[in-house]
Every structure is written in C-alpha cells, then in structure tokens.
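**Student:** Here it is: the structure, laid out below.
The values are calculated or read from the model by the stated rules, or taken from the named source; none is laboratory data. Predicted model, so just to flag it, every value in this text is computed and none were measured. For neighbour counting, all protein chains shown are included, and Cβ atoms are generated from backbone atoms with ideal geometry for every residue, glycine included.
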Amino acid sequence: MTYLAKPKFRHPDIELNELGFSHRDYEGSISTLCAGCGHDSISSAIMRACFELSLPPHRIAKLSGIGCSSKTPTYFLGQSHGFNSVHGRMPSVLTGANLANRELIYLGVSGDGDSASIGFGQFAHAIRRAVNMLYIVENNGVYGLTKGQFSATSDKGSKSKKGIDNPDSPIDLVSIALQLGATFVARSFSGDKDQLVPLIKAGLEHQGAAFIDVISPCIAFNNHQGSTKSFDYVRAHNAELNTLDFITSQAPIAVDYPEGEAQDVRLHDGSTIRLRKLSADYDIHDRGAAMSHIYRLGRSGEIATGLIFIDDEASDMHARLGTAKKPLNAMADRDIVPGGAALAKINAGLR
Ligand SMILES: Cc1ncc(C[n+]2csc(CCOP(=O)(O)OP(=O)(O)O)c2C)c(N)n1
Ligand code: SF4
Ligand SMILES: [Mg+2]
C-alpha cells in the first residue's frame with residue numbers, strides 16, 4: 001500500500017467556499033513524509049489557496065517528477081487530475097498536457113534535485129516557452145528521497161549532516177527563472193503560510209509562466225547547524241521584500257491600510273495583488289533590478305522572499321503559437337485530421 005485514505009467524517013459547521021466545498025474537498029491521502037517535513041506545509045498551503053480561490057478540483061491538473069517533494073501531489077487535491085512522471089521530466093509532460101487542453105489549471109510540483117539537476121534543461125525550456133502554469137519547487141538543498149546528498153541548490157560551504165562542506169557553486173532557480181523570462185517570480189518559506197498562501201493564489205491566477213521557489217527544510221537530512229536550508233537559518237536570514245494579499249475580482253476591496261502604503265497590481269481576470277513594500281526602493285516590475293537585488297542579498301547570505309517580479313502584460317505559449325482554443329479531446333476527427341488534400345497542400349508549401 002503506497003498511500004493511506006482519509007476518513008470521510010466532516011463537521012456539520014465546517015467552513016464552505018463559494019462552490020459549497022469544504023477544505024476536505026481539496027485534501028488528498030494521508031502524508032507518508034517524515035513528521036515535520038517542510039513539504040507537508042506547502043501541501044497544506046496549496047490546499048488552502050485552492051479552497052480560498054474556490055477552484056473546482058476537477059479543473060486542476062497537478063504534475064510532478066520523482067522525490068519526496070514530487071510525492072506530495074498524492075497528499076492534496078485528491079479529486080484533481082494527477083500525473084507523477086519520471087525524475088526531472090515533469091515540465092515536458094506538463095507542456096504537452098497544456099498544449100492538448102488549455103482549459104485546465106496547471107500546477108507543477110518539483111524538488112531542487114528534480115528541477116536543478118536532472119531536470120534543469122526541462123525546467124528552463126518550460127519557463128522560456130511561457131507555459132501557463134504555476135511551477136513550485138520545494139527546495140531543501142538535498143536529495144531527500146535518496147537520503148540527503150547535496151543538490152545543485154545547496155549553497156557553497158553549506159555543511160552536510162556529517163559535517164562535510166559543499167564545494168560547489170549553487171544554482172539559484174529564482175535568478176534563472178528571471179533570466180529566462182518568467183512573468184511571475186517569487187520565493188517563500190514553508191514555515192511562513194501567511195506569505196505563501198497569497199503567493200500561490202496569485203501564481204495560480206497568473207496567465208503565463210509563474211514560478212515559486214519555496215525553501216522547505218528537510219528535517220531528516222538538512223536541518224542542522226551549518227546548513228543554509230534549515231528552519232533556524234531561513235528564519236534568521238529571511239529578507240522579506242513585501243507582504244501581500246490576493247483579492248479576487250468578486251471580493252469587495254476592504255481598505256484597511258493607511259493611504260499610499262500599499263501598491264495594487266491588477267491581473268487579467270480582474271483580481272488584485274495588494275502589496276505592502278518592506279524594502280523602500282524595490283520595484284517588482286523591473287526584471288533587471290530584481291536580478292541584481294537578489295544577487296546582492298544572496299552574496300551576504302540573505303534570502304529574498306516575497307513577490308520578486310511580475311509582468312502584468314504576460315502572454316503564454318498558446319498566444320505565441322496561435323493554437324486552437326478548443327481542447328483536442330473536444331474536437332471532432334475532421335478538425336484534428338485535415339485529410340489527404342490538406343496534407344498535400346502543406347507538403348507542397350514546404351518543397
Ligand atoms: C532517472 C533517475 N535518476 C535518479 C533517480 C534517483 N532519485 C530519486 S529521487 C532523487 C532526488 C530527489 O531530490 P529532490 O528532487 O530534491 O526531492 P526531495 O526528495 O529532496 O524532495 C533521485 C536522485 C531516479 N529516481 N531516477
Ligand atoms: S527525507 Fe526529508 S524531504 Fe523526505 S520526507 Fe523526510 S524530511 Fe521530507
Ligand atoms: Mg530536495
């Protein structure tokens with residue numbers, strides 16, 4: 001048995017969302033991860049975000065690779081579409097699914113090993129192609145599932161559990177995502193649900209490639225002194241750029257802040273990200289400035305978290321390719337198979 005089903009009991013006064021669903025409708029099987037693993041907190045933030053957005057579970061497709069992080073989709077959104085792919089191959093499977101059916105909401109869940117080592121090329125191409133998705137990396141700096149080897153996001157000089165220094169330079173997936181043209185880039189911490197839930201909501205609503213790097217300590221292999229991905233280290237070095245609320249287009253915008261202190265970013269669907277800046281000069285619309293800001297912070301051992309960059313005018317792969325709006329499975333044969341005459345015409349045009 002690889003998973004445990006949850007009992008169906010539900011409290012009569014349980015909170016319901018606009019669809020009449022309770023939080024239970026967004027849950028999955030009982031987690032088999034180590035008690036206290038950061039990844040479980042991210043699963044919980046994903047469920048909260050989908051519940052609060054009142055997303056119909058059957059409209060969500062969750063895809064992952066291999067790793068403790070990639071196991072997590074089993075533990076949330078049990079009524080959604082799911083595909084647990086091969087190590088590092090989630091991005092291409094997600095890209096294919098998205099091309100075939102643009103009507104689903106795509107959530108890619110991966111690990112730092114899955115995305116920064118074996119799947120680095122796959123990660124890069126899904127981002128640069130502007131696949132409409134929310135791509136979450138649950139970043140613990142180690143290969144948790146295979147017992148704690150350093151991963152490519154582990155900082156140079158960070159110590160392993162056995163006291164060995166990592167000699168190699170790290171890959172910062174946030175910097176890479178910015179460089180490759182991601183139109184929504186954020187970093188958060190599994191231990192900060194107040195920051196993570198609105199970021200996930202905004203990332204899910206974003207029309208384009210949205211990426212969130214979530215530092216997610218591995219309590220079994222990377223939560224000791226000398227690690228730069230431990231709960232203590234992240235709490236002590238968290239340089240929050242902003243705090244945010246996500247306001248859906250239906251919700252009334254309550255004014256609960258002094259005039260001039262918040263910045264509103266409107267999204268395509270009419271919803272709003274309300275930001276409170278914590279770093280005075282930081283501009284979330286300036287890609288180049290974002291890159292140098294997080295680089296400077298990183299050099300001094302600080303971890304920039306919050307919404308790092310957003311492009312309000314983002315477009316996605318379908319807009320770039322001019323694809324048909326209808327999902328392939330809703331098309332008739334005559335729409336998908338143009339016939340011999342049409343094919344001969346295409347071939348003639350290529351000669
Ligand atoms: C092709 C292939 N190579 C190697 C492995 C072994 N393997 C399984 S999970 C994993 C690393 C997982 O690390 P990460 O993605 O960071 O996930 P975590 O367990 O840390 O959440 C590796 C190397 C594999 N399953 N398949
Ligand atoms: S080994 Fe690490 S990453 Fe895997 S479940 Fe345990 S704490 Fe989480
Ligand atoms: Mg990992």
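**Student:** Hey, can you tell me all the residues within the stretch 151-174 that are within 16 Å of ligand 1 (Cβ to nearest atom) and farther than 20 Å from Arg299 by Cα?
**Tutor:** Hits for the stretch 151-174 are Ser160, Lys161.
**Student:** Please work out which one of (1) under 21 Å from His237 (Cβ atoms); (2) of a type in the set (Phe, Trp, Tyr); (3) within 12 Å of ligand 3 (Cβ to nearest atom) is the condition Tyr143 fails and give its number.
**Tutor:** (1)
**Student:** Return the residue satisfying two criteria in turn: it lies in the stretch 208-238 and is in contact (Cβ under 8 Å) with a residue 40 or more places away in the chain, surrounded by fewer than 18 Cβ atoms within 10 Å (Cβ to Cβ) and away from ligand 1 (no atom under 16 Å from the Cβ), and of such residues it is farthest from Ile176 (Cα to Cα).
**Tutor:** Once the filter is applied, the top-ranked residue is Gln225.
**Student:** Kindly indicate whether Asp155 is surrounded by fewer than 24 Cβ atoms within 10 Å (Cβ to Cβ), at pLDDT 95 or above, over 16 Å from the mean Cα position of the chain (by Cα) and farther than 25 Å from His318 by Cβ.
**Tutor:** Considered against the rule, which asks whether it is surrounded by fewer than 24 Cβ atoms within 10 Å (Cβ to Cβ), at pLDDT 95 or above, over 16 Å from the mean Cα position of the chain (by Cα) and farther than 25 Å from His318 by Cβ, Asp155 comes out as yes.
**Student:** Considering only the stretch 264-339, give the helices (runs of 4 or more DSSP H) lying wholly within it that have at least 1 residues that are of a type in the set (Val, Ile, Thr) and over 23 Å from Leu180 (Cα atoms).
**Tutor:** In the stretch 264-339, 333-336 are the helices (runs of 4 or more DSSP H) which contain 1 or more residues that are of a type in the set (Val, Ile, Thr) and over 23 Å from Leu180 (Cα atoms).
**Student:** Among the residues of the stretch 138-152, write down those that are of a type outside the set (Phe, Trp, Tyr) and either without any contact (Cβ under 8 Å) to a residue 24 or more places away in the chain or within 13 Å of ligand 2 (Cβ to nearest atom) (or both).
**Tutor:** Across the stretch 138-152, the qualifying residues are Glu138, Asn139, Asn140, Gly141, Val142, Gly144, Leu145, Thr146, Lys147, Gly148, Gln149, Ser151.
**Student:** Another one. Can you confirm whether Ala100 is closer than 30 Å to Leu328 by Cβ, in contact (Cβ under 8 Å) with a residue 60 or more places away in the chain and among the small types (Gly, Ala, Ser)?
**Tutor:** The answer is yes for Ala100.
**Student:** Exactly one of these conditions fails for Gly65: (1) small (Gly, Ala, Ser); (2) touching a residue at least 24 places away in the same chain (Cβ under 8 Å); (3) more than 16 Å from ligand 1 (Cβ to nearest atom). Give me its number.
**Tutor:** With (1) small (Gly, Ala, Ser); (2) touching a residue at least 24 places away in the same chain (Cβ under 8 Å); (3) more than 16 Å from ligand 1 (Cβ to nearest atom) applied to Gly65, the lone miss is (3).
**Student:** Could you tell me whether Ser80 is out of contact with any Phe, Trp or Tyr (no Cβ under 6 Å at 6 or more places or on another chain), hydroxyl-bearing (Ser, Thr, Tyr) and without any contact (Cβ under 8 Å) to a residue 60 or more places away in the chain? Quick ask: steps written out before the conclusion?
**Tutor:** Numbers: out of contact with any Phe, Trp or Tyr (no Cβ under 6 Å at 6 or more places or on another chain): yes; hydroxyl-bearing (Ser, Thr, Tyr): yes; without any contact (Cβ under 8 Å) to a residue 60 or more places away in the chain: yes.
Considered against the rule, which asks whether it is out of contact with any Phe, Trp or Tyr (no Cβ under 6 Å at 6 or more places or on another chain), hydroxyl-bearing (Ser, Thr, Tyr) and without any contact (Cβ under 8 Å) to a residue 60 or more places away in the chain, Ser80 comes out as yes.
**Student:** Follow-up question, since we're still on this one. Going by the conditions given, is Val131 crowded, with 22+ Cβ neighbours inside 10 Å, within 15 Å of ligand 3 (Cβ to nearest atom) and closer than 27 Å to Pro57 by Cβ?
**Tutor:** Taking the combined requirement at face value, the residue does not satisfy it.
**Student:** Right, another one. Can you name the residue in the stretch 118-146 that is of a type in the set (Ser, Thr, Tyr) and near ligand 1 (Cβ under 7 Å from one of its atoms) and is also nearest to Ala324 (Cα to Cα) among such residues?
**Tutor:** Tyr143
**Student:** Considering (1) aromatic (Phe, Trp, Tyr); (2) closer than 23 Å to Arg299 by Cβ; (3) within 14 Å of ligand 2 (Cβ to nearest atom), say which one Phe120 fails and leave the rest.
**Tutor:** That leaves (3) as the condition not met.
**Student:** Working only within the stretch 118-137, note down all residues that are touching a His at 6+ places or on another chain (Cβ under 9 Å) and closer than 18 Å to Ile215 by Cβ.
**Tutor:** Leu134
**Student:** Which residues, counting only those in the stretch 167-213, are more than 16 Å from ligand 2 (Cβ to nearest atom), within 11 Å of the chain's Cα centre (by Cα) and over 19 Å from Leu267 (Cα atoms)?
**Tutor:** Residues satisfying the conditions are Arg187, Ser188.
**Student:** Here is a list: Ser216, Ser158. Which entry is under 21 Å from Leu107 (Cα atoms), of a type in the set (Gly, Ala, Ser) and within 16 Å of ligand 2 (Cβ to nearest atom)?
**Tutor:** Exactly one residue qualifies, and that residue is Ser216.
**Student:** Can you say whether Val137 is touching a strand residue (DSSP E or B) at 6+ places or on another chain (Cβ under 7 Å), assigned to a strand (DSSP E or B) and β-branched (Val, Ile, Thr), as far as the supplied structure shows?
**Tutor:** In short, yes.
**Student:** Give me the pairs, please: first residue somewhere in the stretch 17-40 and over 19 Å from Cys68 (Cβ atoms), second residue anywhere and of a type in the set (Val, Ile, Thr) and exposed (fewer than 15 other Cβ atoms within 10 Å of the Cβ), beta-carbon distance under 8 Å, and either six or more positions apart or on two chains.
**Tutor:** Cβ pairs passing all conditions: Ser22/Ile14; His23/Ile14; Arg24/Ile14.
**Student:** Against the condition aromatic (Phe, Trp, Tyr), in contact with a helix residue (DSSP H, G or I) (Cβ under 8 Å, 6 or more places away or on another chain) and more than 16 Å from ligand 3 (Cβ to nearest atom), how does Tyr75 come out, does it pass?
**Tutor:** Spelling it out, Tyr75 is indeed aromatic (Phe, Trp, Tyr), in contact with a helix residue (DSSP H, G or I) (Cβ under 8 Å, 6 or more places away or on another chain) and more than 16 Å from ligand 3 (Cβ to nearest atom).
**Student:** Would you pick out the residues in the stretch 278-290 that are buried (at least 18 other Cβ atoms within 10 Å of the Cβ) and either under 22 Å from the mean Cα position of the chain (by Cα) or closer than 13 Å to His237 by Cα (or both)? It would help to see each step written out before you state the result.
**Tutor:** We begin by selecting, within the stretch 278-290, every residue buried (at least 18 other Cβ atoms within 10 Å of the Cβ); these are 282, 284, 287, 290.
Matches in the stretch 278-290: Ile284, Arg287, Ala290.
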